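Just so you know, all these numbers are worked out from the coordinates, no wet-lab data involved. Because the structure is a prediction, the values reported are computed rather than measured. No Cβ is skipped: glycine too gets one built from the backbone with ideal geometry, and neighbour counts run over all protein chains shown.
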Amino acid sequence: MAIRRLAEEGRLSGAVVHGELVYLAGQVADDSSLDAEGQTADILAQIDALLAEAGTSKRNLLSVTVVLADIADAPAMNRAWDRWLDPSAKPARMTIQAPLVDPAWKVEITGIAALDGGMPGA
């Protein structure tokens, strides 16, 4: 089975496609000066782009893990999440608090999505 690596950087790939699944690396905001709601919106836009490049969309997200540097930011993160979420295709989701590598990061999100049927990489 072929493995496709998307948005490769020095230490990681932004996503890896294998079989019928897309595995997202932990995504963080490009603009870390934003508040938690803004960082979440930034990350979700990145996730949309990675999933599109892989040949799928947020409708096919199976599982998402949201890591917050401060769990008190959950309401702000959820505001951005709720605007982005397709209510007819909710993934399983877990939200936890943990220290993030860069102290300016408030949110990091990872997930696993299924490919659309017949899309490249399937």
Practice problem: Among the chymotrypsin sites (Phe, Trp or Tyr not before Pro) in segment 27-115, which ones are in a DSSP loop with at most 13 other Cβ atoms within 10 Å of the Cβ? Mind listing them? | Solution: none
Self-check item: Likely footprinting exposure, L44, L12, fewest C-beta neighbours within 10 Å first
Solution: L12, L44
Self-check item: Cα long-axis angle, helix 74-84 against the chain (0 to 90 degrees, to the nearest 10)
Solution: 40 degrees
Self-check item: Spread of Cα-to-Cα distances over 5 Å intervals beginning at zero, given as percent, for the chain
Solution: 2, 12, 22, 24, 19, 13, 6, 2, 0
Quiz item: Rounded to the nearest 5, what is the percent of antiparallel bridges among the DSSP beta bridges in the chain?
Solution: 80 percent
Quiz item: Which three lengths, in whole Å and largest first, does segment 48-101 cover when its Cα atoms are put on their principal axes?
Solution: 33, 25, 17
Quiz item: What GluC sites (Glu not before Pro) in segment 1-91 are in a loop by DSSP, with at most 15 other Cβ atoms within 10 Å of the Cβ?
Solution: E9
Exercise. Would you mind ranking I112, I71 so that the residue whose beta carbon has the fewest other beta carbons within 10 Å leads the list?
Key: I71, I112
Practice problem: Please give the helix 36-54 orientation as an angle from the longest Cα principal axis of the chain, in degrees from 0 to 90, rounded to the nearest 10. | Solution: 10 degrees
